[in-house]
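Peer 1: Input: one structure, supplied below.
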Amino acid sequence: MPVKTILIVEDEKAIREMIAFGMRRAGFEIREAQDTRAARAEIGNRRPDLLLVDWMLPDMSGLEFTRQLKRDPNLKDLPVIMLTARAEEADKVAGLEGGADDYVTKPFSTRELVARIQAVLRRADPQVAGEIIQIEGLRLDPVAHRVTADERPVTLGPTEYRMLEFFMTHPDRVYSREQLLDRIWGGNVYVEERTIDVHIRRLRKALEDFGYDRLVQTVRGAGYRFSARGE
Ligand code: CA
């Protein structure tokens with residue numbers, strides 16, 4: 001199972017370090033940001049798998065930050081767990097309405113936080129559990145990094161593999177080239193948008209012999225979609 005990266009956005013160093021310590025022990029890779037500006041830079045650098053966002057931050061409230069992320073088409077799928085010292089129900093509701101995927105009230109135990117993180121990651125991304133993903137006769141094993149089509153092996157380059165993994169975990173939705181670049185290559189890497197088309201072509205070619213190239217669909221003027229349903 002690939003190691004999942006968590007970005008902790010919290011200005012209080014002692015709390016941030018305490019959370020980081022517990023989460024590292026739980027097997028996560030941890031990055032830290034002391035405010036939302038630093039968090040933006042970290043996300044742009046390399047997209048984390050989940051954000052822990054404190055409610056009280058110096059440059060913007062964690063709630064407003066989460067709202068901004070959830071309004072951004074490239075970042076709205078990034079899971080966010082809000083941390084807060086406030087226990088009032090009204091704040092919880094505000095946090096969830098702001099788009100947070102879950103909400104943990106301080107003080108919390110490491111165990112509780114890990115359980116919440118795993119639940120949110122599982123919902124966001126079924127491959128976290130190392131589950132084999134299957135669409136029609138196409139099977140992708142995220143642990144073994146192996147793809148088969150009707151039980152015959154499919155040979156893919158590393159980028160085509162990541163592309164297929166992304167598509168199979170996000171089926172039936174249209175993604176623009178820009179979104180695919182962001183999700184498959186990550187933020188600040190300079191790749192031209194037409195590079196996407198090159199890899200799409202290679203992916204289709206690899207699936208062609210099995211008849212599954214039809215799952216990789218071009219949506220004119222919008223981007224690409226992976227779907228077992230008709231175009
Ligand atoms: Ca804080």
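The values are calculated or read from the model by the stated rules, or taken from the named source; none is laboratory data. Owing to the predicted nature of the structure, the values given are computational and were not obtained by experimental measurement. In this analysis, Cβ positions are derived from the backbone assuming ideal geometry, glycine residues included, and neighbour counts consider all displayed protein chains. All accessible areas refer to the heavy atoms of the entire protein, side chains included, with ligands and DNA or RNA removed. Shrake-Rupley method; radii C 1.70, N 1.55, O 1.52, S 1.80 Å.
Peer 1: Given charges of +1 on the Cβ of Lys and Arg and -1 on the Cβ of Asp and Glu, with all other atoms neutral, how large is the dipole of region 19-84 about its Cα centre, in debye to the nearest 20? Working shown, then result.
Peer 2: Numbers: 11 positive and 10 negative charges, 33 e Å.
The dipole magnitude comes to about 160 debye.
Peer 1: How compact and how long is the chain, expressed as Rg and Dmax of its alpha-carbon atoms in Å?
Peer 2: 19.1, 58
Peer 1: Tell me which of L52, L78, L180 sits at the most positive position along the dipole axis of the chain, charges placed on C-beta atoms (Lys, Arg +1; Asp, Glu -1).
Peer 2: Going by the charge dipole, the pick is L180.
Peer 1: Additional query: According to a simple spin-label model (label point 7 Å from Cα along Cα-to-Cβ), what is the distance in nm between T148 and E29?
Peer 2: Computed distance between label sites E29 and T148 equals 2.9 nm.
Peer 1: Using a basic spin-label model with each label point 7 Å from the Cα along Cα→Cβ, how many nm lie between A41 and R162?
Peer 2: With each label placed 7 Å out from Cα toward Cβ, I get 2.3 nm.
Peer 1: Mind listing the phi-derived Karplus ³J(HN,Hα) values for region 19-33, rounded to whole Hz, using 6.51, -1.76 and 1.60 with θ = phi - 60°, and x for any glycine or proline?
Peer 2: Taking θ as phi minus 60°, the curve returns 5, 4, 4, x, 6, 5, 4, 7, x, 8, 8, 10, 10, 10, 9 Hz for region 19-33.
Peer 1: Still on this model: For Cα pairs less than 8 Å apart in space and 6+ apart in sequence, what is the mean separation divided by the residue count of region 106-177, i.e. the relative contact order in percent?
Peer 2: On the way: 50 pairs, mean separation 13.7, N = 72.
Relative contact order, region 106-177: 19 percent.
Peer 1: Using the Karplus curve 6.51 cos²θ - 1.76 cosθ + 1.60 with θ = phi - 60°, what ³J(HN,Hα) values do you get for each residue of region 197-214, in whole Hz, with x for Gly and Pro?
Peer 2: Running phi through 6.51 cos²θ - 1.76 cosθ + 1.60 with θ = phi - 60° gives 4, 4, 6, 4, 4, 5, 5, 4, 4, 5, 8, 4, 4, 9, x, 9, 4, 5 Hz.
Peer 1: Place a +1 charge on the Cβ of each Lys and Arg in the chain and a -1 charge on the Cβ of each Asp and Glu, then give the dipole magnitude about the Cα centre in debye, rounded to the nearest 20. Provide the component values of the computation, followed by the final result.
Peer 2: Values: 37 positive and 39 negative charges, 80 e Å.
For the chain, the charge dipole is close to 380 debye.
Peer 1: Which value in deg cm²/dmol, rounded to the nearest 500, describes the helix-derived mean residue ellipticity at 222 nm for the chain, given -39,500 (n - 2.57) per DSSP H run of n ≥ 4 and division by the residue count?
Peer 2: On the way: 8 runs with 89 residues, N = 231.
Computed ellipticity for the chain at 222 nm equals -11500 deg cm²/dmol.
Peer 1: Let me ask something additional. Using a 1.4 Å probe on the protein heavy atoms, what percent of the accessible area of region 18-71 belongs to carbon and sulfur? It would help to have the intermediate numbers written out before the result.
Peer 2: Details: 1270 of 2600 Å².
Looking at region 18-71 in its full context, I get 49 percent from C and S.
Peer 1: Expressed as an acute angle from 0 to 90° and rounded to the nearest 10, what is the orientation of the C-alpha long axis of helix 36-45 relative to the principal long axis of the chain?
Peer 2: Approximately 20 degrees, to the nearest ten.
Peer 1: Tell me the per residue accessible area of region 131-226 using a 1.4 Å probe; a whole number in Å² is fine. Write down the numbers at each step before the final one.
Peer 2: Working: 5120 Å² over 96 residues.
Result: 53 Å² of accessible area for each residue.
Peer 1: Evaluate E = 1/(1 + (r/R0)^6) for V3 and R220, where r is the Cβ-Cβ distance and R0 equals 41 Å; express this FRET efficiency to the nearest 0.05. Intermediate values should be presented prior to the final figure.
Peer 2: Details: r = 38 Å, r/R0 = 0.93.
The computed FRET efficiency comes out at 0.60.
Peer 1: Counting only protein heavy atoms and using a 1.4 Å probe, what share of the accessible area of region 131-226 belongs to carbon plus sulfur, as a whole percent?
Peer 2: Values: 2250 of 5120 Å².
Percent of accessible area from carbon and sulfur atoms in region 131-226: 44.
Peer 1: How many Lys pairs in the chain lie less than 21 angstrom apart by Cα atoms, where the lysines are 8 or more positions apart or on different chains?
Peer 2: Values: K4/K70; K4/K76; K13/K106; K70/K92; K76/K92; K92/K106.
For the chain, qualifying lysine pairs total 6.
Peer 1: How much of D213 can a 1.4 Å solvent probe reach, expressed as accessible area in Å² and rounded to 10?
Peer 2: Roughly 50 Å² of D213 is accessible to a 1.4 Å probe.
Peer 1: Tell me the label-point distance for the pair E178, E112, using the 7 Å Cα-to-Cβ offset, in nm and rounded to one decimal.
Peer 2: It works out to 4.0 nm between the two label points.
Peer 1: In percent, what relative contact order does the chain have, based on Cα pairs under 8 Å that are 6 or more apart in sequence? Could the numbers behind the result be given before it?
Peer 2: Numbers: 352 pairs, mean separation 34.5, N = 231.
Result for the chain is 15 percent.
Peer 1: Heavy-atom accessible area per residue, region 5-124, 1.4 Å probe: how many Å²? Kindly include the intermediate steps, with their values, before the conclusion.
Peer 2: Values: 5750 Å² over 120 residues.
On a per-residue basis, region 5-124 sits at 48 Å².
Peer 1: Another question, if that's okay. Once you have the Kirkwood Rh of region 5-124 from its Cα pairs, apply Stokes-Einstein at 10 °C and 1.306 mPa s and quote D in µm²/s. Don't skip to the answer; put the middle values down first.
Peer 2: On the way: Rh = 14.0 Å.
Roughly 114 µm²/s, to the nearest whole number.
Peer 1: Taking Cα pairs under 8 Å and at least six residues apart, what relative contact order does region 5-124 come out at, in percent? Please list the in-between numbers first.
Peer 2: Values: 185 pairs, mean separation 27.6, N = 120.
Reported as a whole number, the value is 23 percent.
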